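S.K.: Sharing a structure here in structure tokens format.
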Amino acid sequence: MQENYFPDKRKLYRLPWSTNDNPIGWVEITDICNIHCDGCYRLVMGEGHKPLEKIKEEILFLKKWRNCDGISIAGGEPLTHPQIVEIIQFITDNGMKSLMLTNGYALKEDVLIRLKKAGLTGLSFHIDVTQTRPEFKKIKPEKETDLNDLRLKCATMLRKTVNMYAHFGITVTRKNLHEVPDLLKWAIENMDVVGGISLITYRGVPVHEGIEFRNSAGQKIPVLPGSLGYSVLPEEMKVANVTSKEVYAVIKKAFPGYEATAYLGGTVDHESFKWLIGNFIVNRKGKVFGAYGSKTMELVQTYYHRWFGKYLVYPKVKMGKRIFFMSLFDRAVRKAFGKFLLYCLGNPFRFFYKVKAIGIGVIQAPDVLPDGRVDMCDDCPDMCVFEGKLVHSCRLDECRKYGSLLNVSVTTQEAKEMIRKSREPETTVLS
Ligand code: SF4
């Protein structure tokens, strides 16, 4: 893989979020789900729906200690919770936005209308081929694009019923990495209903005699395949551990106009990109003009914090062509504006085509490094509450099941080598 396809940290904006001043809080309201996803972080442990009073406590805790702009409602499947409308209303009443992460299977128009009335700000659908869902009996998907009709059905319902753009979360493995450009092409073609796509790379920790897990008291914990959402057989590592740099490279190769804008690095690996945020500035005809630059993101975060006292995560304002005013401050937008003007010169009617930014997030969840250190997202935005403490939601099950986060030791050369190999970039992706 060519190095120049990788993002350059020096040109990107490092999001200024921290543990106590972070725009996102994460609340899991149930461990019940109506489908199955490979690589899901959450085990069904029979806890069922969380009581409303406990959920309210967690929301208030996050409001107090995180200074949240928005709360992500997750699970399990949030739509299975009988008090989902009251939960959204409580978040609204506390002056925060709400984003629900759902597989969309139980979503109906009347529910959507009630959620919107309660103040729901956004909705992110998780639909991909790593899932086992009832619709698949008919669709029998073999590749990601086989699911585009299902995605479009959900997004159209959202737009028509409550006038919201749909966001999609998709798990990226070595099996579907090459499909990322097709997914983004689909998002661009459907910009009237799609607001953004998050590409979440599937992480795995191999169960191997050379890898030991210990709890905070130092006791050895027997972790087996399936004991945690990410404890897998060594052979499954072949599809896991795509890095966000590889995803960036694949997008950049297919869409040279794409650029990342901001990032969060890793807690121990200075090279990693744990969150990589970018976008496409596109028009209705699918023409990509470019992307926001780091200056736009810096101005937005700084201005919002100055005036509203928080960092921003789910903007409610739709910018449309007004984004081009950022040309005054941002070279990347200036470049996109130049391309837009050239395009309009070819046919002045093109000026009236709708212009929009489609968000692209790439998330690379925890990595166990060959030396046993665990590289987390620096200033993790998706922290939830466990027994009065903040915990990375991706590792909540370690606490639920074993009482604390687990420490990892990689004790044999063979295990170190296996981990190292699984992190090597895909050489065929760009060829
Ligand atoms: S550390 Fe885990 S929970 Fe936090 S943002 Fe990264 S993936 Fe999400």
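S.K.: Considering only strands (runs of 3 or more DSSP E) fully contained in region 337-415, which possess at least 1 residues that are more than 26 Å from the chain's Cα centre (by Cα) and touching a residue at least 24 places away in the same chain (Cβ under 8 Å)?
M.R.: Details: elements: 355-364, 383-386, 389-392, 407-410.
Once the strands (runs of 3 or more DSSP E) in region 337-415 are filtered for at least 1 residues that are more than 26 Å from the chain's Cα centre (by Cα) and touching a residue at least 24 places away in the same chain (Cβ under 8 Å), what remains is 407-410.
S.K.: Now, a different point. Run Cys33 past the list (1) assigned to a helix (DSSP H, G or I); (2) over 17 Å from Lys117 (Cα atoms); (3) touching a residue at least 24 places away in the same chain (Cβ under 8 Å) and report the number of the one that doesn't hold.
M.R.: (1) is the only condition that Cys33 fails.
S.K.: Looking at region 393-413, which of the residues that are touching a helix residue (DSSP H, G or I) at 6+ places or on another chain (Cβ under 9 Å) and more than 15 Å from the ligand (Cβ to nearest atom) is nearest to Met45 (Cα to Cα)? Even if it seems obvious, please write down each step before you answer.
M.R.: Let us first name the residues in region 393-413 that are touching a helix residue (DSSP H, G or I) at 6+ places or on another chain (Cβ under 9 Å), namely 404-406, 410.
Next cut, more than 15 Å from the ligand (Cβ to nearest atom) only: 404, 410.
Details: Ser404: 16, Val410: 28 Å.
That would be Ser404.
Listed here are the residues, each with its yes/no results for (1) more than 30 Å from Ile323 (Cβ to Cβ); (2) within 11 Å of the ligand (Cβ to nearest atom); (3) among the hydroxyl-bearing types (Ser, Thr, Tyr).
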{"position": "Arg350", "(1), (2), (3)": "no, no, no"}
{"position": "Val355", "(1), (2), (3)": "no, no, no"}
{"position": "Ile358", "(1), (2), (3)": "no, no, no"}
{"position": "Pro370", "(1), (2), (3)": "yes, no, no"}
{"position": "Val374", "(1), (2), (3)": "yes, yes, no"}
{"position": "Asp378", "(1), (2), (3)": "no, yes, no"}
{"position": "Glu387", "(1), (2), (3)": "yes, no, no"}
{"position": "Val391", "(1), (2), (3)": "yes, yes, no"}
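S.K.: Considering each of Gly309, Gly286, Gly320, Gly346 in turn, give the residue that is surrounded by fewer than 16 Cβ atoms within 10 Å (Cβ to Cβ) and modelled with pLDDT of 95 or more. Show your work before the answer.
M.R.: Numbers: Gly286 fails: modelled with pLDDT of 95 or more; Gly320 fails: modelled with pLDDT of 95 or more; Gly346 fails: modelled with pLDDT of 95 or more.
Matching residue, one of Gly309, Gly286, Gly320, Gly346: Gly309.
S.K.: Next question. Could you grab me the full set of residues in region 45-66 that are more than 20 Å from the chain's Cα centre (by Cα) and either in a loop (DSSP other than H, G, I, E, B) or among the hydrophobic types (A, V, I, L, M, F, W, C) (or both)? Don't jump to the end; show me each part of the working.
M.R.: Taking region 45-66 as the starting set, the residues that turn out to be more than 20 Å from the chain's Cα centre (by Cα) are 45-61, 63-65.
Answer for region 45-66, where residues must be more than 20 Å from the chain's Cα centre (by Cα) and either in a loop (DSSP other than H, G, I, E, B) or among the hydrophobic types (A, V, I, L, M, F, W, C) (or both): Met45, Gly46, Glu47, Gly48, Lys50, Pro51, Leu52, Ile55, Ile59, Leu60, Phe61, Trp65.
S.K.: If I ask for residues that are more than 20 Å from the chain's Cα centre (by Cα) and among the β-branched types (Val, Ile, Thr), which ones from region 67-114 would you list?
M.R.: Correct list: Thr80, Ile84, Val85, Ile87, Ile88, Ile91, Thr92, Val111, Ile113.
S.K.: I'm trying to understand the selection: among the residues of region 80-136, which are crowded, with 16+ Cβ neighbours inside 10 Å and assigned to a strand (DSSP E or B)?
M.R.: Lys97, Ser98, Leu99, Met100, Leu101, Thr102, Gly122, Leu123, Ser124, Phe125, His126, Gln131
S.K.: Let me ask something else. What number of residues within region 129-144 are in contact (Cβ under 8 Å) with a residue 12 or more places away in the chain and either more than 19 Å from the chain's Cα centre (by Cα) or within 17 Å of Gly195 (Cα to Cα) (or both)? Steps first, please.
M.R.: Applying the first criterion (in contact (Cβ under 8 Å) with a residue 12 or more places away in the chain) to region 129-144 yields 129-135, 141-144.
Keeping just the survivors that are either more than 19 Å from the chain's Cα centre (by Cα) or within 17 Å of Gly195 (Cα to Cα) (or both) gives 132-135, 141-143.
Of the residues in that region, 7 qualify.
S.K.: Of the residues Phe255, Phe273, only one is out of contact with any Pro (no Cβ under 6 Å at 6 or more places or on another chain), crowded, with 23+ Cβ neighbours inside 10 Å, touching a residue at least 60 places away in the same chain (Cβ under 8 Å) and not small (Gly, Ala, Ser); which? Explain how you work it out, then say what you get.
M.R.: On the way: Phe255 fails: crowded, with 23+ Cβ neighbours inside 10 Å.
It is Phe273.
The values are calculated or read from the model by the stated rules, or taken from the named source; none is laboratory data. These numbers come from a predicted model, not from an experiment. All Cβ positions, glycine included, derive from the backbone under ideal geometry; neighbour counts span all protein chains shown.
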